[in-house]
Each structure stands twice: as C-alpha cells, then as structure tokens.
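Enquirer: This is the structure I have questions about; it appears just below.
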Amino acid sequence: MSTTIPIGPFHPVLEEPEYITLEVDGERVLSADIDLGRNHRGMELLAQEKTYDQDTFLVERICGICSASHSWAASRAVEDVVGCEVPARARYLRTIVHELERLHSHMLWVGLGGHIIGYWTVFMWGWKYREPILDALEMITGNRQHYAWYRPGGVRRDVPDEIWPKVLKILDEFDEKVDLLTGAVLDDPVILGRLKGVGILTKEDAIAYGALGPTARGSGVDIDLRRDEPYGAYAEVDWNVITQDGCDCLAVAVIRLLEMKESVKIVKQCIEKLPGGPIDAGIREVPRGEGIGHIEAPRGETFHFIRSNGTNMPERHKMRAPTYNNIPTFRPRVKGETITDALLCFAIIDPCYSCTERMTVLDPSGRITYGPGELLRLSHEKTEEIRRNS
Amino acid sequence: MSKEVLERLKTKFGDRVDVVERSARRAYVTVANEDWIPVTRYMHEEEKGRLCTATGSDRPTGVELLYHFGIDRDGTIVNIRTILAKPFPRIESLAKYYPAADFIEREIFDFLGVEFDGHPDPRKLLSSHDRPADFHPMRRDE
C-alpha cells in the first residue's frame with residue numbers, strides 16, 4: 001500500500017514555498033506532485049502600474065539571491081524594445097556584479113548541500129567563504145543584496161577605481177578556497193557515495209521538461225546564454241561552459257563548484273579590461289513594441305518579456321525565474337529513489353532550501369511518521385553509514 | 001539570426017504563418033488557432049526550439065498566447081502568437097506533446113481562463129484553491 005508524503009509549503013524565510021506530495025511504497029518514491037503559489041505576490045500585475053525605472057527595483061525582490069539577474073533581464077527587455085546599445089563600461093560593470101552574484105549563490109548552495117548530507121564542515125566553510133563576496137558586492141554597489149544596480153540603458157552608479165584592488169584581493173583568496181573546497185568535496189568517498197548515481201535526470205527528460213542552468217548542464221544539455229546569446233561582456237572575456245554527462249546529483253554539484261572558478265576568471269578579466277566612458281545609454285522614451293530580455297542566472301535562464309504601449313509603464317510584463325522550469329524536473333529525478341534521498345533530489349535544483357526541511361511523512365491515517373527533523377536525521381544517518389563502511 | 005529556421009517555417013506552412021523579424025535575434029510569428037499545435041510542435045520537435053516560457057495577455061482583440069521558443073544554437077528567440085476569441089478562449093494543449101508547457105499552460109488557465117484541451121493535468125497552478133473558478137485575475141473584462 002502506498003503512503004503519501006507532503007513536503008512544505010510554508011516557512012517564513014522561503015522565497016518560493018512549494019507544496020510537494022510524494023507517493024511512496026515503503027522507502028521507494030513512486031510519484032511526486034507539485035503545488036505552487038503559496039506566496040504568489042501578483043508582481044506581473046503590479047509591474048504594469050510601475051514605471052520602467054521602478055520596475056527594476058520591484059523585480060529585484062522576486063528573489064533575494066539572484067536579484068541582479070531579474071533586474072538585468074528586465075532592463076534588457078526594455079533595451080530590446082528601444083533598440084539601444086548599452087555603453088561598454090556599463091556592460092562590464094553589469095557583468096562583474098552578476099558574476100559575483102553567481103559566486104555567492106553557488107557557494108550558498110554548496111554550504112546547504114553540506115548541511116543536508118550532514119557535512120557540517122562543508123556548510124561552515126561554504127558560508128564563511130561566501131561572506132567576502134558579499135563584502136565585495138557591498139563595496140561596488142552599496143548593498144549586500146538588492147543592489148539597485150541595473151537600470152534600462154546601463155547601471156545607476158559609477159565605481160571609483162580604488163576599490164578594484166580590494167575586490168581582486170578578495171577574489172584571489174576566494175579562488176584558493178574554491179580549490180580547497182572542490183578538492184575536499186570531490187576527493188571525499190563519502191560525499192561521492194551520497195551523490196553519485198542518486199537522482200537521475202536523463203538528457204531526454206531534461207530537454208522535455210525544459211530544464212535550465214546547472215540542472216540541464218548536469219544532464220549533458222549544453223546550454224548557457226552567456227555563450228549562446230552573448231550579452232554584457234561575456235563575448236569579450238575568456239571562459240568555458242561547464243557541462244557534465246553524469247545526469248545525477250554529483251554532476252550538478254560538480255558543475256556548481258567548477259563554475260565558480262570560471263566566474264572568478266570572468267570577474268578578474270572584466271576588472272582588468274574595464275573601459276572608461278559613460279555608464280548609461282540615457283533612454284528617455286520607450287516606444288510601442290515588444291521586447292525580450294533573458295540572461296543566465298545562477299540557477300538558469302531568467303526570462304522577462306515586456307510589451308510597451310508607448311507610455312512610461314509596461315502594458316504587460318511577464319517574468320519567469322529558472323526554478324519555475326526546474327521544479328518539474330524533480331518528478332523524474334525522484335522516481336524510484338528512497339525517502340532519504342528525496343531531500344537531496346529536491347535540493348539539487350537549488351530551490352529555496354529551507355522548504356526541504358519542512359518535509360513531513362504521514363501514514364494513510366494522517367499520523368505523522370517522520371517530521372522535518374527526522375528526515376534530515378535520516379539523511380545524516382545515511383552519510384554516517386557510508387562513512388563507517390568506507 | 002535563425003534565418004534558416006524562419007525560411008523552413010515559411011516553406012513548410014506557407015502563408016499560414018505571418019513572420020515579422022523585429023531584430024537580428026527576435027522574430028514574431030502569428031498563426032491561426034487551427035495551426036497552433038502543428039506550428040508549436042514543429043518548433044520544438046523539428047527545430048529543437050526550447051520553450052522558454054509563454055505569455056498570456058488579455059488584449060482588445062481577444063486573449064493572446066505568445067509562446068517563446070529559444071533556438072539556443074544561434075542565440076535567437078522565435079515567438080509564436082495566436083489570438084483566442086473571448087469570452088471563452090479555448091485551444092489544444094501543447095503540454096501533452098511537450099511537458100515543458102505543463103506549468104505555464106496551467107498558469108494561463110488560472111489567470112486568463114484559457115481552456116487547454118487535452119492538458120494532462122488541467123488544474124490551477126498559482127492562485128489559491130478557494131478562489132471562484134470563473135474569476136481570472138488577469139482578464140480585463142468589463
């Protein structure tokens with residue numbers, strides 16, 4: 001007889017609460033159902049009542065971790081309607097902030113991944129090494145999060161040259177820590193035991209479900225907008241798209257670790273090549289028309305569509321975050337896995353993590369058999385067991 | 001630009017597709033309701049277009065569906081558009097052929113009241129479960 005397991009939906013710290021129902025037979029997951037919308041904020045309607053400049057502040061608040069992604073994508077959508085060229089200095093400054101955001105987002109994920117499998121050192125290291133990146137972002141933009149940095153046509157503020165040596169120093173130190181962490185994680189037989197072969201998402205499923213970002217690249221789908229539709233300064237610096245063919249949780253984790261090295265390379269080159277000149281194209285009027293702006297956020301493509309009716313407010317502003325496409329990939333990934341690994345299969349797409357701790361297992365009469373703490377404990381116990389046997 | 005993609009689309013569907021190239025990387029294609037599934041399936045299955053997402057909007061002429069297909073190999077987006085008659089917009093679902101359309105079609109059903117025939121899971125996606133079934137917040141009906 002199958003049992004139903006509800007996961008979620010609420011937690012005060014969640015940006016994207018989801019309610020997931022797992023149907024399990026004993027330990028094995030048979031199917032998963034996903035129910036969204038617990039925190040729907042009506043931003044698409046709200047954006048229609050804000051000016052284009054105000055919209056960038058609004059869309060930043062879609063996500064606290066990738067706030068630069070949304071405001072950049074929205075700005076690109078307006079620029080697509082207007083058909084303007086962004087000045088070179090603004091393109092470089094935009095790229096620097098965006099790649100620093102990728103660094104702190106991936107490092108946050110590495111830390112939380114460590115927490116879920118019971119590797120406290122990885123958790124502590126990950127979050128400790130992430131802090132200087134936030135300091136660098138604060139130096140450049142004035143804020144650790146919600147940078148208010150992007151505007152249609154360019155960036156809002158210029159940056160004095162004397163901060164770059166400090167940012168470069170932070171990056172050098174961060175680069176060493178990434179090497180240390182990557183080595184420690186990839187050489188650890190216990191972590192490999194927990195991640196390898198767990199949560200398979202085949203290439204065919206990744207394409208069929210429209211997976212994005214590291215989730216898609218971990219299944220061998222070679223897509224990255226930074227290369228495919230070069231924007232910002234990505235075409236002018238040297239870097240590589242990281243893909244893996246493992247299709248499992250390990251492949252996605254490896255991609256995030258290796259992408260951090262590439263991001264450090266990109267930021268360093270951007271600082272070195274940073275041109276002078278204006279930082280804003282000075283858009284005064286947005287004509288009638290339709291425009292699309294999409295960029296490669298840490299979790300995948302962030303997509304914004306804007307229809308302008310010639311006023312200073314959009315007639316329609318469609319926004320789509322990458323997690324929207326990645327969440328359904330949880331269904332094929334978790335099928336056939338154990339309850340212990342379900343937590344990891346969900347976490348690997350890098351949704352807002354805390355909801356995975358809200359997992360509860362009920363028996364058919366509705367009695368709670370596993371609370372959130374027990375599920376995390378199960379996950380930690382599996383790691384311990386592998387550690388003892390290795 | 002995906003000039004070859006657009007040429008192949010025109011060759012296959014002739015004057016049933018109205019193609020407008022807005023810029024080097026963006027094209028908009030308008031089709032009639034009956035050509036909706038053949039064209040969108042062709043974009044995914046033959047041209048390997050990736051459904052980035054879809055935009056539904058209530059316009060004076062009806063409810064507009066705009067499916068954004070990213071052609072990643074040349075970094076362009078081909079947008080397929082159709083207009084559905086109000087007050088009861090209805091069209092065949094793409095989700096039964098292409099799971100990536102599942103969530104977004106549920107969202108458009110939820111907010112604009114578009115019925116997707118043959119959708120594998122025709123439930124609301126985002127709004128609360130106690131919201132009246134005939135109220136769609138993004139409709140601009142009088």
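Coordinate-derived values only; no laboratory data. Since this is a predicted model, take the numbers as computed values, not measurements. Positions of Cβ are generated from backbone atoms using ideal geometry, with glycine treated the same way; all protein chains shown enter the neighbour counts.
Enquirer: Evaluate E = 1/(1 + (r/R0)^6) for A:Arg377 and A:His146, where r is the Cβ-Cβ distance and R0 equals 35 Å; express this FRET efficiency to the nearest 0.05.
Expert: Plugging the Cβ-Cβ distance into 1/(1 + (r/R0)^6) gives 0.50.
Enquirer: Could you please report the charge total around B:Glu46, scoring K, R as +1 and D, E as -1 over all other residues with beta-carbon less than 9 angstrom from its beta-carbon?
Expert: Every neighbour counted, the sum reads +2.
Enquirer: Given R₀ = 45 Å, FRET efficiency for B:Asp117-A:Asp245 by Cβ-Cβ distance, to 0.05?
Expert: Computed FRET efficiency for B:Asp117 and A:Asp245 comes out at 0.75.
Enquirer: Could you pull out every one of the aspartates and glutamates with an alpha carbon less than 19 Å from that of B:Lys12, ignoring same-chain neighbours closer than 8 positions?
Expert: Hits, sequence-local ones excluded: B:Glu4, B:Glu21, B:Glu34, B:Asp35, B:Glu45, B:Glu46, B:Glu47.
Enquirer: For q values of 0.08 Å⁻¹, compute log₁₀ I(q)/I(0) with the Debye formula on a Cα-only model of the range A:43-323, without solvent.
Expert: -0.33
Enquirer: A further question on this structure: Where does each of A:169-178, A:319-328 land if you order them by average Cβ count within 10 Å, highest first?
Expert: The most tightly packed comes first, giving A:319-328, A:169-178.
Enquirer: If you project the alpha carbons of the protein assembly as shown onto the principal axes, what extent comes out on each, in Å, largest first?
Expert: 68, 65, 41
Enquirer: To continue, here is another question. With everything on Cα atoms, drop me the angle between helix A:88-117 and the longest principal axis of chain A, reported from 0 to 90° to the nearest 10.
Expert: Taking the Cα atoms of chain A, the angle to A:88-117 is about 10 degrees.
Enquirer: So how far, in whole Å, is the C-alpha centre of the range B:1-80 from the one of the range A:202-223?
Expert: 22
Enquirer: Let me ask another. Please rank A:Ser105, A:Ser75, fewest neighbouring Cβ atoms within 10 Å first, as an exposure proxy.
Expert: So the ranking, lowest neighbour count to highest, is A:Ser105, A:Ser75.
Enquirer: Compute the angle between helix A:249-273 and the longest alpha-carbon principal axis of chain A, please, reported from 0 to 90 degrees and rounded to the nearest 10.
Expert: In chain A, helix A:249-273 runs at an angle near 20 degrees to the longest axis.
Enquirer: Just list whichever of A:Lys166/A:Lys265; B:Lys48/B:Lys124; A:Lys196/B:Lys96; A:Lys203/A:Lys335; A:Lys335/B:Lys96; A:Lys128/A:Lys382 have alpha carbons separated by over 22 Å in the model shown.
Expert: B:Lys48/B:Lys124; A:Lys196/B:Lys96; A:Lys128/A:Lys382
Enquirer: What value, in deg cm²/dmol to 500, does the helix sum -39500 (n - 2.57) over DSSP H runs of n ≥ 4 give at 222 nm once divided by the residues of the protein assembly as shown?
Expert: Using -39500 (n - 2.57) per qualifying helix, the result is -13000 deg cm²/dmol.
Enquirer: Let me ask something else. Looking at the range B:11-140, what % of its DSSP beta bridges pair antiparallel, to the nearest 5?
Expert: Bridges in the range B:11-140 that DSSP calls antiparallel: roughly 75 percent.
Enquirer: Within 10 Å of each residue's Cβ, count the other Cβ atoms and sort A:Val167, A:Val267 from fewest upward.
Expert: Exposure proxy ranking, most exposed first: A:Val167, A:Val267.
Enquirer: Further question on the same structure: Decide, for the range A:38-192, between rounded, prolate and oblate: order the square roots of the alpha carbon gyration tensor eigenvalues as a ≥ b ≥ c, take rounded if a/c falls under 1.5, and otherwise choose prolate if a/b is larger than b/c, else oblate.
Expert: Because a/c hits 1.5 or more and a/b fails to exceed b/c, the range A:38-192 counts as oblate.
Enquirer: Measuring from centroid to centroid over Cα atoms, what is the spacing of the range A:113-153 and the range A:237-316 in Å?
Expert: 18
Enquirer: Taking the DSSP beta bridges in the range B:67-142 as the whole, what percent of them are antiparallel, to the nearest 5?
Expert: Bridges in the range B:67-142 are about 60 percent antiparallel.
Enquirer: Which of A:Cys247, A:Cys345, A:Cys84 ends up with the largest GNM mean-square fluctuation for chain A, with Cα atoms connected below 10 Å?
Expert: Of A:Cys247, A:Cys345, A:Cys84, the Gaussian network model singles out A:Cys84 as fluctuating most.
Enquirer: Could you check the spin-label model distance between A:Lys196 and B:Val20? Points 7 Å from the Cα along Cα→Cβ, value in nm.
Expert: 5.5
Enquirer: Answer rounded, prolate or oblate for chain B, using the Cα gyration tensor with square roots of eigenvalues a ≥ b ≥ c: rounded when a/c is under 1.5, else prolate when a/b is larger than b/c, else oblate.
Expert: In terms of gyration-tensor shape, prolate.
Enquirer: If you don't mind, there's one more thing I want to ask. The range A:62-156: which trypsin sites (Lys or Arg not before Pro) are DSSP loop and have at most 15 other beta-carbon atoms within 10 angstrom?
Expert: Here the trypsin sites (Lys or Arg not before Pro) that fit, given the DSSP loop and packing criteria, are A:Arg144.
Enquirer: Under 19 Å from a label point 7 Å along Cα→Cβ of A:Ser2: give me every residue in the range A:18-50 with its amide N that close.
Expert: Output list for this probe position: A:19-36.
Enquirer: Which of rounded, prolate, oblate describes the range B:59-122, given a ≥ b ≥ c as roots of the alpha-carbon gyration tensor eigenvalues and a/c under 1.5 marking rounded, otherwise prolate only if a/b is larger than b/c?
Expert: oblate
Enquirer: While we're on this one: Taking a spot 7 Å from the Cα of A:Arg387 along the direction of its beta carbon, which residues of the range A:176-204 have an amide N less than 15 Å from it?
Expert: A:185, A:188-195
Enquirer: Once you place label points 7 Å from the Cα toward the Cβ at A:Arg227 and B:Asp74, how far apart are they in nm?
Expert: That separation, rounded to one decimal, is 2.0 nm.
Enquirer: At what distance in nm do the modelled label points of A:Glu85 and A:Asn39 sit from each other, each positioned 7 Å from its Cα along Cα→Cβ?
Expert: Each label point lies 7 Å from its Cα, and together they span 4.2 nm.
Enquirer: For chain A, take the longest principal axis of its alpha carbons; what is the angle in degrees between that and the long axis of helix A:67-82, to the nearest 10 within 0 to 90?
Expert: Helix A:67-82 and the main axis of chain A meet at about 40 degrees.
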